[in-house]
Amino acid sequence: MNGVTVSTTVNGDAVQFVCPPSESLLDVLRNRLNLTGVKEGCGTGDCGACSITLDGRLVCACLVLGAEAEGREVGTVEGMSENGELHPLQVQFIENAALQCGICTPGFLVAAKALLERNPNPTEEEIRYGLAGNLCRCTGYDKIVRAVQAAAKIMRKGRKS
Amino acid sequence: MPYETAYTNQGFNLVGSRVNRPDGIDKVTGRAKYGADVNAAGQLVAKVLRSPHAHALIKKIDTSKAAKLPGVKAIVTGDDFPDHTGGNRSMMDILENCMARGRALYDGHAVAAVAAIDGETADKALKLIKVTYKKLPHVTDVDAAMAEGAPIIHDWVRTAGVQPAPTTASNVAQRSEFGHGDVEAGFAQADIVVEKTFKTEQTHQGYIEPHACLAQLGPDGSGELWVTTQGHFTFRNVCSTLLGLDVAKLKVTSSEIGGGFGGKTHVWTEPVALQLSRKANRPVKLVMTRDEVFRASGPTSSTSIDVKIGAKKNGRITAATAELRYQSGAFPGMWAMFGAMTSFACYDLKNVKSVGYDVLVNRPKVAAYRAPSAPMAAFGVESVMDMLAAELGMDAVEFRIKNAAKKGTKASYGPIYGPIGIGPTLQAVKDHPHMKRRLGKNQGRGMACGFWFNFGGQTCTDLNIGVDGSVNLTVGTVDVGGSRASLALIAAEELGIDYDQVRVTIGDTNSLGHNDTTEGSRGTFSSGMATIFAARNAIEVLKQRAAATWDIPVDQVVWEAGEARAKGKQNSNLPPLTLKEIAAKSPRTGGPIAGHNEVVADGAGVSFASHLVDVEVDPETGSTRVLRYTVIQDAGKAIHPDYVEGQFQGGAAQGIGWALNEEYIYGDDGCLQNPGFLDYRIPVCSDLPFIDTQILEIPNPNHPYGVRGVGETSIVPPLAAIGNAVSNAVGVRMNHVPMSPPRILKAIEDAAG
Amino acid sequence: MRFESPTTTKAAVSLLAAEKGVSHVLAGGTDLLVRMKMGAIEPDLVVDVKRIDTMAALTVAASGVHIGGAVPAAELGESEKLRTLWPGVVEAANLIGSDQIQGRCTVVGNLCNASPAADSVPALIAAGAKALVIGPNGKRRVSVDKIVLGPGRTSLGHGEFIEAIVLPARAPKSGDAYLRFTPRTEMDIAVVSAAVNLTLARGVVKTAKVVLGAVAPTAISVPAAARALIGTKLDDAALEKMAKACRAACNPIDDKRGTVEYRTKVAGVLGRRAALLAFERAGGRK
C-alpha cells in the first residue's frame, strides 16, 4: 500500500494517521481512529449517518478522502460534549425520546448542531429541510424535530445570559 | 411457580411515566456499539460475491486465482456448506439463500465469499473469482409467475394446501384459506357489491444499519458471534443447525441494533462469516454494503389482490372475499397466509372467505416487515370499504363502525375476540379535531383501519439485586426502540424502588434460557411479563430474608412500597426493612438475592388502529403532500408513552413512504435497478408533517398490566388511508401502490379520457 | 492510486497531463467518491483542486460573477448578493443533495459529471455562463452548453479541467428561476427540470432563455419556448405556447426515475411555472 501520512485535528486534538490514498475519511475515523460513533448507513452520501464537520462545514465522511483531511479540522459526535457536559441537543434528544434504535442519532446531532450554529431560531420547515440529508427509519422524525426545537430554545436562552 | 397472568386493575407509581431511557447517553455520544462497531485481534474482513443474473445455473466457480492473492485467508462457495439439515427443507432454504448451491436464484444471490486481511484485498479477490453461469429464464412479477408457462423456480415445489395433492411443480408454494359462512349466499343478499383488483410493489424495511457481524469459529466447533439481530437465540439455533454445531457451543451476542422492522429476524450472511472463520481459524468481520442489503436481504412481498364486499342498503356487510397473491421471493414463505388471515380481521362478518397464494419468483427471499403482509391486504380491503361506503351514500367512518368487530365476534381467521379496540379507535376518529379541519383545493381526507395479531412466545429473564439495593435486570429480547426503559419501569414498579435503581442488560445466549426473536411486537409484552414475574420471584426471596431477620414466619411478611413489612399486632415493634437494607445484609442471610422467570407468554392481545390523513395532490404533476396525519391505536397499557407514540409515528412514516414512493424496480433483465437510498426513496424529514397520536388503553386481559404489543399495527392502515385520501383529492380510485407521481398523473388523465 | 493536492492550476495541469492512466479531478467529490465506492472507476491519479486559491474563490458583482471550480454550493447560497443577482442559479446549485452534500459539491463538478439530470446545468446555460477551461494548451473560455456531450461525456481534453464558471453582467429588470420535479422534497435526482432566465423592457419580456434538464441526453435549450415568451407579459396563451414548445423539445427516456410520457408532460408544467417565477423576479406584473 502506498499510504499517505496525514496530520489533522479531530475534535480539537492533533492526530496523525496513515491510510491508502483511496480510503474514505469515514473508514479512517471508524477503523483507524476508533471513532465508531460515526456510522455508515450507505457509503454514498444518501443517509447522513456519517455526518461530520470539516473545517466547520457539515459533510458526509463517506464522501471525503482521508487524505483530504490534511491540515483540516474534523468534528464528530464524540466531540460534542464539552467539559464532561452533554450538548443541549444531546440532552434534548434523550428528553424528547428522539431516538429509537439510535443508529442515525450521531449524524442527526452533528447536522442539527451545524444547523443551529447557522440559524439559531429555525422554523419547523427550516429544521425539516436542514435535516433532510439524515435518514431516520424509526421515528417518523416527529420527536427529532421537537428535540431540535427544544434545544434551539435552550441554546438561545443560554446565549442571552 | 407459575404466576398469574390475568389483568388486575392495579394502580401504578412509575408505569406510564416518560422517563429518560437508560441507554440514552451511550446513544447520543456515539459510545453504543452496533454490529459493525467492534473488532477482534487478528480479524479478517469478508466480502461476498453475488450473482449479476436473475436466474442462472452456476456451471463452475474457479477460485484458484483469488486463493493465490496474498492476504486471502479463506474462500467459501456452496460446496463448503455440507447438508446438516437432516432433510428439513425450510432450513435448507435458509442455507441455500445464504449461499447458492448450483443455481443463482435472484440478482444479488451469494455465490462465493472471501475472507482477507483487509477490505481492499477481499475486494480484489472477488474480482479474481471466475463464475461460469448459464442464464435461465426468469420471472419477477407475481401474476406472471402464476401464469401458465412461467419459468419454474424450484422443480420440487408442489402446491401445499390443495386437495388432491398436485403431482407437478408449480411456483405456487402454498394455498391457504380462511373464513366462515356462505359467501355466495351472502353476496346474493347484498344490495350493492363492490369488487376491485389492487397491486402493491415490493418494499424494504430500510433499516439504516446494514447487516453486520463478527464471527469466530474454531476447529473444535465452538465459537462466538457478535451480530446485529432481532433474535440472537434464534440466530444461534439456526447457525448451529446449518453448520452442524452444538447449540451450547455457539455464543451469540446481540449488538445494539440499528433498526430491524422484521428484516433482522432472519440470518443472511452470518453462517457464511462463521464458515469463513472456521476455514481460516481467525475472527471474520462481515458487513453488508447498502447495495447488498437491498439486493439480498429482507424485502417484503409485492402483491396482487382481488377484494369483493357486498352490503345491504342499511350498511350491513353481507359477504366479503379476497384472493391474495403474494410473492415470497425465491423460497417459500408464509406471507400470503398472513395476508389472508389479516384481511378482514377488523370486521364482524357472517360470510367471509380469504384465499392466499404464496408465489415463488426470482427475487430475494422475502422477510418479515412490520406486521408482515397485513398492509397490502388492508390496502385492498380498506379501499373497497371506502368505495362501498360511497356507493351506499354512507360516511366512511360510520360504515366501518357499523361493521366493526367487537368482543365475542368470530374473527375471519378463526378465534373469538375478547375485549378489542377497533370500535373505540373508530369512535375516536369520529370525535377527533382532525375531522373538523377544513380541506382546500386539491386536498383530500382518507382513513383506514388496521389489525395485527401480536405475539408473545418463549421468554426468560433474570433479576439480580446488588448489595447496595440497585438492580440488574437481564432480558433476552433485543432493545429495538427503547424497551430497556419500559422494562426498567416495570421492574422498579414491582419492587417499589426508583426507576434509576434498575439497569437493564440484553443478555447473550450463554447467560439466559432461550428467548424467541424480538418480533410480533413482543418485546415489552413478553419480557415485561417475565420481568414482572422475575421481580415477584425476587420479592419472595426478599420476604424470606426479612422473615429470617425478624425470626417470624414468612406468611407474616408483606412487600409494600419497596419494603418488607411485618403484619399483625404481634409484630408492631418491627420497623419495616427496605430493599436496600435487606440487600445490604444479604451476604449474611443466604447470599445473593435474585429473581428468575421463564414463561411462554401466551395471550398477546390483538391490536387495532385507525388512521386519518389529509393530503394535497398537485394535479399537474401527480405529486402528493401529506398535510396532516393522526394515528389512533389501542396499546392495552402504555408502559412508556413516549416510545409507544414513537412506534405509532414510525410505523405511519414507513407506511407513508410505501404508499407514495418506495418500490423495488426491476428491469427486463430481472435485476434490481434501485438498490440504494437515492432511488429507493424512504421519506426524508421534509416529506412529513408532525404525526399526531392518540393512545387508547383497552387492557389486554392476558397480561397483568393489560399490555398489548404496539410496534407493528401502525404500518397497516397508511397505504389504504393515503389511497383513500388521494382518491378523494383527485376523484379517481387509486389501486396501485406506491401512488407515485407518474401513477397518479396517469390515473387522473385516464379518468379525464 | 496516487493522491495529489497541488496549490496552483499550473501544477494541477502538469500532474493531469503527465498521467498515462485514469486520472480524475477531485473538487467536492460527491460524485467521484460514489463512483469509486461502487467500483465504477478505479483512478490511478486523483488531483484535489481545493488547495488552489483561485479555484476556491467566489467573487460576486453585477458586472460579473466568478465561481471557482472548488467553491462548495453552500457558499453560493450564503452570498446574499449572488442570491439577489442570480436567484435561479443559486437555487439550482442549492438543490444538489442535502446540506452535507452542499458543503462539498461544486457547480463545476455538477457540470463535469455530465448527468442529464444535473441541477445546476440548466440554470447556468440559461444564465449564459461560460466555463474557464485550463489545460496543457493554455486557457479557453467555453459556453457551458458546449461542455457536456452526452451522459458521462464532456468536451474536455486530456489534462484539461474547469478552473471557474463565469456569469455575465446582469442587466436590470432581469430574473431567473430553476424548478425541478422530484418525488421527494429533498435528497433526490431531477425527473424533469426547467430553468428560465429573462429580461424585461417596459414590462414585457425582451430576452429569454429556456433550458430543460433530464429530458434529453444533455440539458437542452428550447429557443421556441423562449420565443413564445418574448414580447409578452406571460399571458395564458403565451404560457401555453411556451409549455407546448417545451413538450415538443423533449426527447427523454423511460427509466427508474420517470417515463417518457411523464417527463414530457411535466416539462411543460415546470417550464411554465419557472417562467412565471423568473418574470416575477424581474419585476414583471401581469
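Can you pull the mean other chain C-beta count within 10 Å for peptide A:88-101? Write down the numbers at each step before the final one.
Numbers: counts 0, 1, 5, 4, 1, 3, 7, 4, 3, 15, 4, 9, 13, 19.
Rounded to a whole number, the mean comes out at 6.
For C:Lys130, the lysines whose Cα comes closer than 16 Å to its Cα, not counting residues fewer than 8 places off in the same chain, are C:Lys139, C:Lys146, C:Lys209. For the residue pairs B:Lys27/B:Lys279; A:Lys143/B:Lys580; B:Lys196/C:Lys265; B:Lys365/B:Lys402; B:Lys127/C:Lys256, alpha carbon separations beyond 32 Å are given by B:Lys27/B:Lys279; A:Lys143/B:Lys580; B:Lys365/B:Lys402. Counting only Cα atoms, the size of the stretch B:583-715 along its three principal axes is 78, 37, 29 Å, in decreasing order.
For chain A, the Cβ-based charge dipole about the Cα centre amounts to some 560 debye (Lys, Arg positive; Asp, Glu negative; other atoms uncharged).
Residue pairs exceeding 31 angstrom between C-alpha atoms, taken from B:Lys47/B:Lys746; B:Lys353/B:Lys430; B:Lys285/B:Lys637; B:Lys59/B:Lys124; B:Lys353/B:Lys441; C:Lys10/C:Lys206: B:Lys47/B:Lys746; B:Lys285/B:Lys637; B:Lys353/B:Lys441; C:Lys10/C:Lys206. Shown for A:His87, B:His266: other C-beta atoms within 10 Å of each C-beta, ranked fewest to most, produce the order A:His87, B:His266.
Dipole magnitude for the protein assembly as shown: about 2440 debye, using +1 per Lys or Arg Cβ and -1 per Asp or Glu Cβ, origin at the Cα centre. What translational D, rounded to a whole number of µm²/s, comes out for the stretch B:321-403 from Stokes-Einstein when the hydrodynamic radius is the Kirkwood one over Cα pairs, at 25 °C and 0.890 mPa s? The Stokes-Einstein estimate is 178 µm²/s. Report note on the peptides B:348-356, A:111-119: ranked by the mean count of other C-beta atoms within 10 Å, highest first, their order is B:348-356, A:111-119. Applying Stokes-Einstein at 37 °C and 0.692 mPa s to the Kirkwood radius of the protein assembly as shown, computed over alpha-carbon pairs, gives a translational diffusion coefficient of 103 µm² s⁻¹. Which shape class, rounded, prolate or oblate, goes with the stretch B:266-410 when its Cα gyration tensor gives a ≥ b ≥ c as root eigenvalues, a/c under 1.5 marks rounded, and past that a/b bigger than b/c marks prolate? Since a/c reaches 1.5 and a/b is larger than b/c, the shape of the stretch B:266-410 is classed as prolate. The charge dipole of chain B, taken about its Cα centre with unit charges on the Cβ atoms of Lys, Arg (+1), Asp and Glu (-1) only, comes to about 580 debye. If you model the stretch C:2-167 as an ellipsoid using its alpha carbon gyration tensor, with each semi-axis the square root of five times an eigenvalue, the axes come out at 24, 17, 15 Å, biggest first.
Size descriptors for the stretch B:413-519 (Cα atoms only): Rg and Dmax, in that order, 21.1, 67 Å.
Per residue, the convex hull spanned by the alpha carbons of the stretch A:88-160 comes to 72 Å³. The fraction of all Cα pairs in chain C landing in successive 10 Å bins from 0 to the largest distance is 7, 30, 34, 21, 7, 1, given as whole percents.
In terms of the ratio Rg/(2.2 N^0.38 Å) built on C-alpha atoms, what value belongs to chain A?
On the way: Rg = 15.8 Å, N = 161, 2.2 N^0.38 = 15.2 Å.
Taking the Cα Rg and dividing by 2.2 N^0.38 Å, one obtains 1.04.
Couplings 3J(HN,Hα) of the stretch B:187-198, computed from phi: 5, 5, 7, 6, 7, 9, 10, 10, 9, 7, 10, 10 Hz, in residue order, whole Hz [Karplus 6.51 cos²θ - 1.76 cosθ + 1.60, θ = phi - 60°; x for Gly and Pro].
Think of the protein assembly as shown as having a plus end and a minus end, set by charges on the Cβ of Lys, Arg, Asp and Glu; of B:Pro699, B:Gly259, B:Leu128, B:Leu128 sits farthest toward the positive end of this dipole.
Projecting the Cα positions of B:Leu69, B:Val45, B:Asn351 onto the charge dipole of chain B (unit charges on Cβ atoms of Lys, Arg, Asp and Glu, taken about the Cα centre) puts B:Leu69 furthest along the positive direction.
Here B:Cys460, B:Cys671, A:Cys47, B:Cys213 are placed in order of increasing Cβ neighbour count within 10 Å, fewest first, which gives B:Cys671, B:Cys460, B:Cys213, A:Cys47.
Only one residue of C:Gly213, C:Val144, C:Leu229 has its Cα farthest out toward the positive end of the dipole of chain C, where Lys and Arg carry +1 and Asp and Glu -1 on Cβ, and that residue is C:Leu229. Legend: mean number of C-beta atoms from other chains within 10 angstrom of residue C-beta atoms, peptide B:433-442, equals 0.
Residues in the stretch B:160-170 carry Karplus couplings, in order, of 7, x, 10, 10, x, 4, x, 10, 10, 6, 8 Hz; the curve used is 6.51 cos²θ - 1.76 cosθ + 1.60 with θ = phi - 60°, and Gly or Pro positions show x. Shielding by partners for peptide B:643-651, expressed as the average number of C-beta atoms from other protein chains within 10 Å of each residue's C-beta, is 5. Each 10 Å bin from zero holds the following percent of Cα-Cα pairs in the stretch A:4-79: 22, 62, 16.
Tell me whether chain B comes out rounded, prolate or oblate; compute the Cα gyration tensor, take square roots of the eigenvalues as a ≥ b ≥ c, and use a/c under 1.5 as the rounded threshold. Because a/c hits 1.5 or more and a/b fails to exceed b/c, chain B counts as oblate.
Here, each number is a calculation from the coordinates, and none is a lab measurement. Keep in mind that this is a model prediction, so the values were computed, not measured. Because the Cβ atoms are built from the backbone with ideal geometry, glycine has one as well, and the counts that use them run over all protein chains shown.
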